[in-house]
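Taking it in order: structure first as structure tokens, then the write-up.
The values are calculated or read from the model by the stated rules, or taken from the named source; none is laboratory data. Please read all numbers here as calculations on a predicted model, not as lab measurements. Cβ: placed from backbone, ideal geometry, glycine included. Neighbour counts: every protein chain shown. The area values use the complete protein model at the heavy-atom level, side chains included, leaving out ligands, DNA and RNA. Shrake-Rupley method; radii C 1.70, N 1.55, O 1.52, S 1.80 Å.
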Amino acid sequence: MKKVVLAYSGGLDTSCIVRWLKERGYEVICFVADLGQGLGQGENFEEIERRALAAGASKVYIRDLQEEFINDFILPALKANAVYEGKYLLATALGRPLIAKYLVQIAHKEKAAAVAHGCTGKGNDQVRLEVAVGILDPKLEIIAPVREWEFKSRDEEIEYALKYNIPIDVTKKKPYSIDRNIWGISIEAGILENLEQEPPEDAYMITKSATQGSSYPRYLEVTFSKGVPVKIDGKAMKLKNLITHLNEVGGQFGVGRSDMVENRLVGIKSREIYEAPAGTILHTAHRELEALVLDRELLHFKEMISLKYAELVYYGLWFSALKDALDGFVTKTQKLVSGTIRLRLSKGNCVAVGRKSANSLYKKELSTYGKEDKFDQKLAEGFIKLWGMPYKR
Ligand code: ARG
């Protein structure tokens, strides 16, 4: 029997896919990636494994990939200040190449001929997974049942699941499509498709609204070493704990929400809301520190790289030569990005209010308007003459 490795979530779609693939003569091996999605009520990884087997899988791989996700995907994107279209910190997009990597790895181990996923034909994720798989092993067949199967609605899928005793949680009402991991949550569909309407409070999962949170601000210090966040309020923390902690604290103050209309890779504009408290705090602090320690030319050039980097991540080109080359550049820029940024969290905002670094390029004796001034103002005259010279007729 031909083997296929399926990226399995435990939800309705991928559960039906297990059976659907079996009907087409495949032995189905499920792979569940733990990227810190936390899962829903009563759901845990054993429960998901049980469901996969009951749906007809021959074997289930569950892998905790959080450390790798943080170190090899989240951190490079943070160092690059990668933000898509000014608002999206790329939580979902960053997870896909990692899932693809393990799909390929397990396919090799199992001598499977194919991999499969539950992405729709209208989204970015199918592109990210398939392009990544194609780069890592162009010989693997890729199956995307949702693009080709006969079901036209969720109800038809539920009917199919009930008919074949595929265990699903039909009681759970699902007003939104949600993708979650440790770096953030992406929420779309349902009422959110109405662009004129403000997202209802119940759409957000981990952030309080700006009006609900405390009326007092909360101050927070983030310390970086070579572009990597290492301490919160002077206390050293492992990255996973640091991110989890900032998600909690930021969420309490309504920090990290965004509501955007974005350009999908497949040419569609769509409305999605995001929650990324830790990401927002860390991006704010990181950019502030770079402003202090990087010289003007490097800082400005890096801004252009950030845009490109975010596009590459969004476009599913994580394993491309350009992304690899940009990592080389970004890594070099982080050599001096060490220091501490003080932030104020309050009513949905996160702003930098203080900064300190041994590598600071700020020289008070030059910028001051006080009497300690060491700047030789006479030099400015000649500088301006030369600077403006090319433009005079
Ligand atoms: N629009 C985001 C992206 O392309 C998230 C996609 C998945 N969103 C979701 N709610 N399932 O990265």
The range 1-118, Cα convex hull volume normalised per residue, Å³: 115
Carbon and sulfur %, accessible surface of the chain computed with the full protein complex present, 1.4 Å: 53
Under 21 Å from the Cα of LYS231 - lysines, other chains or at least 8 residues apart: LYS79, LYS240, LYS335, LYS356
Contour excess over end-to-end distance, with Cα ends at LYS347 and SER360 and 0.36 nm allotted per residue: 1.7 nm
Computed over the range 230-271, Cα set: Rg, Dmax in Å: 15.9, 45
Electrostatic dipole magnitude of the chain [Cβ: Lys, Arg +1; Asp, Glu -1; Cα centre; debye, to 20]: 1280
For the range 279-354, accessible area per residue (1.4 Å probe, heavy atoms of protein chains only), Å²: 45
Binned Cα-Cα distance frequencies in the range 264-393 - 5 Å width, integer %: 2, 8, 11, 13, 15, 15, 13, 9, 6, 5, 2, 0
Environment charge at LYS374 (Cβ cut-off 15 Å; Lys +1, Arg +1, Asp -1, Glu -1): 0
Relative contact order %, the range 14-169, counting alpha carbon pairs below 8 Å whose residues are six or more apart: 26
Three-way shape label, the range 54-94, alpha-carbon gyration tensor, a/c 1.5: oblate
Table column - 3J(HN,Hα) (Hz), the range 332-338, Karplus curve with 6.51, -1.76, 1.60, x for Gly and Pro: 4, 5, 8, 3, 9, 7, 10
Selected from MET389, CYS30, VAL313, residue furthest toward positive end of dipole (the chain; charges at beta carbon): MET389
Helical contribution to [θ] at 222 nm, DSSP H n ≥ 4, -39,500 (n - 2.57), averaged over the chain, rounded to 500: -12000 deg cm²/dmol
Alpha-carbon centroids, the range 122-154 and the range 1-24: separation in whole Å: 13
Over 20 Å between alpha carbons, listed pairs LYS87/LYS269; LYS308/LYS347; LYS3/LYS163: LYS308/LYS347; LYS3/LYS163
Shape category assigned to the range 136-240 from the gyration tensor of Cα positions, a/c cut at 1.5: oblate
Calculated SAXS-style log₁₀ I(q)/I(0) at q = 0.17 Å⁻¹ - the range 180-274, Debye, Cα scatterers: -0.87
Charge dipole (debye, nearest 20) of the range 266-393; +1 at Cβ of Lys and Arg, -1 at Cβ of Asp and Glu: 380
Rounded FRET efficiency, nearest 0.05, which uses the C-beta distance separating LYS111 from LYS385 and R0 of 45 Å: 0.05
Contact order relative to length of the chain, as percent, for alpha carbon pairs under 8 angstrom and 6 or more apart: 18
Convex hull volume per residue in cubic angstrom - Cα atoms of the range 234-327: 146
Whole-number D in µm² s⁻¹ for the chain, Kirkwood Cα-pair radius fed into Stokes-Einstein, 4 °C, 1.567 mPa s: 56
Efficiency of FRET between ASP324 and LYS371 - r from beta-carbon atoms, R0 56 angstrom, step 0.05: 0.60
Span from the the range 300-354 Cα centroid across to the the range 41-120 one, whole angstrom: 23
Residue of LEU366, LEU379, LEU242 that the Gaussian network model of the chain assigns the largest fluctuation, springs spanning Cα pairs under 10 Å: LEU379
Global geometry of the range 58-196, whether rounded, prolate or oblate, following the gyration tensor of its Cα atoms and the 1.5 cut on a/c: oblate
